[in-house]
Amino acid sequence: MKNIISIILIFTCVFYSAQQIPLNSLYFQNLYMINSAEVGKSNQLKFNLSHRQQWVGFEGAPTTTWFTVQKNINRNLNFGIRFNYDQISFFEKLQFDASSSYLLKIDKANELTFGLSLGMIQGSLVMNNMISTDNSDEILLNNGVNGVGFHSDFGIAYSLNKKLNIGISFPNLFTTSMNIEPMNADQTYDYKMHRIAYLSYELDMSSDVKFTPIILIRKAAGLSNQIDLIGNFNFQNNYWGGLGFRQQGGFLVNVGFSPIENLNLTYSYEFNNSKIASFTSGSHEIMLSFALKNKTKENSQTEDNQEKNTTDDQEKESEINE
């Protein structure tokens, strides 16, 4: 039985290594999910909660939940935190990141942002759903085998007139191995180097309609590239939707709307056309976003206006006295 458990552990880790960075389809709604340099760029206190059920109907398929909070500290410095819970088969992962980005304003049109994240990953091999003919086996009784690792991400983002956006991120830039030790079977889970690059451009179709094409490329060490092509329409920031294609995945469709001010709801569905298409009905993902207005910025603008009015009054009095 111990040999069986060891084989399952090795198989699970190998299978999981192909998707160490949780896959998502709604990253364009929250680029902080894939690039630390994008944290806090909306100049609002923003909350995002999203959930993805991949390959519905396929037993042991990935399930991931994300939660992010981000805020600009001042004109140049932004801060955020990310949580995500990921499960594939018998392997669970809980990840926490603290992120910060610095904005370098080249001129009125060009901006360059650098971002860094530091975090911790806790992985668990959960065996309580396993079926065994020998429930007294000491390995099965020792459920919840855990491992802990540390990691860092780095990213760069470039923006031109708030229309063109180019970014590149390096998830798992520096990591430590996660030791998983079920009794006598010592296994080490190593993280692979990843790279994510993307480009988008916002086109004004009319005063009410905007169209944004997006291309994204994922690359993991030892694995082939994966490319996303997506085109999204936005109608007065009240309704939006788009279509896309994911290499080695399938066709993507997303729709969303804003039920109330500062609250957004977006849903995505992926039609799978890979080798497991006959075993699954596709992948679902949903995201809820909420933003609070930046009162500090509004107050600062009000103070600036008050100071300007005061200066104008003083100048007028000076002219009268003269």
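The values are calculated or read from the model by the stated rules, or taken from the named source; none is laboratory data. All figures in this text were calculated on a predicted structure; none of them were measured in a lab. For neighbour counting, all protein chains shown are included, and Cβ atoms are generated from backbone atoms with ideal geometry for every residue, glycine included.
Overview of results
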read-out	value
Residue within the stretch 116-139 that is touching a Lys or Arg at 6+ places or on another chain (Cβ under 9 Å) and modelled with pLDDT of 95 or more present	yes
Qualifying positions in the stretch 206-222 - under 18 Å from Leu173 (Cα atoms) and in contact with a strand residue (DSSP E or B) (Cβ under 9 Å, 6 or more places away or on another chain)	Ile217, Arg218, Lys219, Ala220, Ala221
Pairs with Cβ under 6 Å, 6+ apart, first in the stretch 244-262 and outside any strand (DSSP E or B), second surrounded by fewer than 17 Cβ atoms within 10 Å (Cβ to Cβ)	Gln247/Gln226; Gln247/Ile227; Gln248/Gln226
Residue satisfying condition, being outside any strand (DSSP E or B), modelled with pLDDT of 85 or more and farther than 28 Å from Trp55 by Cα, within set Asn299, Asn237, Asn309	Asn237
Test: residue in the stretch 44-51 that is surrounded by fewer than 23 Cβ atoms within 10 Å (Cβ to Cβ), in a loop (DSSP other than H, G, I, E, B) and out of contact with any Pro (no Cβ under 7 Å at 6 or more places or on another chain)	yes
Which listed residue, of Phe83, Phe90, is on the phi < 0 side of the Ramachandran plot, at pLDDT 95 or above and either surrounded by 15 or more Cβ atoms within 10 Å (Cβ to Cβ) or out of contact with any Lys or Arg (no Cβ under 6 Å at 6 or more places or on another chain) (or both)	Phe83
Pairs, first surrounded by 17 or more Cβ atoms within 10 Å (Cβ to Cβ) in the stretch 153-173, second of a type in the set (Ser, Thr, Tyr) and not in a strand (DSSP E or B), C-beta under 7 Å, six or more apart	Asp153/Ser36; Phe154/Ser36; Gly155/Ser36; Ser169/Ser36; Asn172/Tyr191
The lone exception for Thr212 - which of (1) in contact with a helix residue (DSSP H, G or I) (Cβ under 8 Å, 6 or more places away or on another chain); (2) over 26 Å from Arg82 (Cβ atoms); (3) modelled with pLDDT of 95 or more it fails	(2)
Thr68 vs. criteria at pLDDT 90 or above and either in contact with an Asp or Glu (Cβ under 6 Å, 6 or more places away or on another chain) or not in a strand (DSSP E or B) (or both)	no
Unique residue being more than 12 Å from the chain's Cα centre (by Cα) and not in a strand (DSSP E or B) when the list is Asn74, Asn78	Asn74
Residue ID - modelled with the highest pLDDT, chosen from residues in the stretch 182-195 that are crowded, with 16+ Cβ neighbours inside 10 Å and out of contact with any helix residue (DSSP H, G or I) (no Cβ under 9 Å at 6 or more places or on another chain)	Arg195
